[in-house]
Amino acid sequence: MASPARRPMTRDVSVQIAVDRNGQITVKPDPFWVSKGRSEEVWFSCTSADPSNPNPDFTVKFNKNGTPFNDSVFSQQYPCSGLVKRIVKPSKKIYNYRVTVGRSTLDPGGGVQE
């Protein structure tokens, strides 16, 4: 018996980092939610209101209470989280991370759902 056809799924959860003219960082969505069951991955991107540097370098670092991913640091060069680790179970836990752009920082969060 053939397997039922599977619909294509989007696997990208976009986390948008924005820096205003005063250097203040905002992150949307905060918190992000990534689905383990749908094999979703987070893609971090950063934009700036500074026209001379519209896509600044950034660092995302999970370290306060762990990371749901195999890696814990992401950047302009490595923006994709990859899949959620197999040992991580979906829950209401929020994983805190730090976003750094230049001298500015922000500490948003994210979680894993079914």
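In summary, residue 94 fulfils each of the numbered conditions (1) farther than 27 Å from residue 22 by Cα; (2) of a type in the set (A, V, I, L, M); (3) out of contact with any strand residue (DSSP E or B) (no Cβ under 6 Å at 6 or more places or on another chain) with the single exception of condition (3).
The condition (being basic (Lys, Arg) and free of Cβ contacts under 8 Å to residues at least 12 places away in the same chain) is satisfied by just one residue among 86, 98: 86.
In this structure, is residue 67 under 22 Å from residue 47 (Cα atoms), surrounded by 12 or more Cβ atoms within 10 Å (Cβ to Cβ) and of a type outside the set (D, E, K, R)? It would help to see each step written out before you state the result.
On the way: under 22 Å from residue 47 (Cα atoms): no; surrounded by 12 or more Cβ atoms within 10 Å (Cβ to Cβ): yes; of a type outside the set (D, E, K, R): yes.
So residue 67 does not fit the description; no.
For the stretch 86-107, the candidate set comprises residues that are closer than 16 Å to residue 75 by Cβ and touching a Pro at 6+ places or on another chain (Cβ under 8 Å); within that set, the residue that is surrounded by the most Cβ atoms within 10 Å (Cβ to Cβ) is 97. Can you find a residue that is touching a residue at least 24 places away in the same chain (Cβ under 8 Å), in contact with a Leu (Cβ under 7 Å, 6 or more places away or on another chain) and not aromatic (Phe, Trp, Tyr) anywhere in the stretch 35-43? Checked against the condition, which is being touching a residue at least 24 places away in the same chain (Cβ under 8 Å), in contact with a Leu (Cβ under 7 Å, 6 or more places away or on another chain) and not aromatic (Phe, Trp, Tyr), the stretch 35-43 yields at least one hit.
List the strands (runs of 3 or more DSSP E) that sit entirely inside the chain and contain at least 1 residues that are basic (Lys, Arg) and modelled with pLDDT of 95 or more.
Hits in the chain: 25-28, 59-62, 95-101.
For the stretch 73-113, filtering for residues that are within 14 Å of the chain's Cα centre (by Cα) and of a type in the set (Ser, Thr, Tyr) leaves 6.
The values are calculated or read from the model by the stated rules, or taken from the named source; none is laboratory data. Just so you know, these numbers come straight off a predicted model, no measurement behind them. Every residue, glycine as well, gets a Cβ built from its backbone with ideal geometry; the counts of neighbours run over all protein chains shown.
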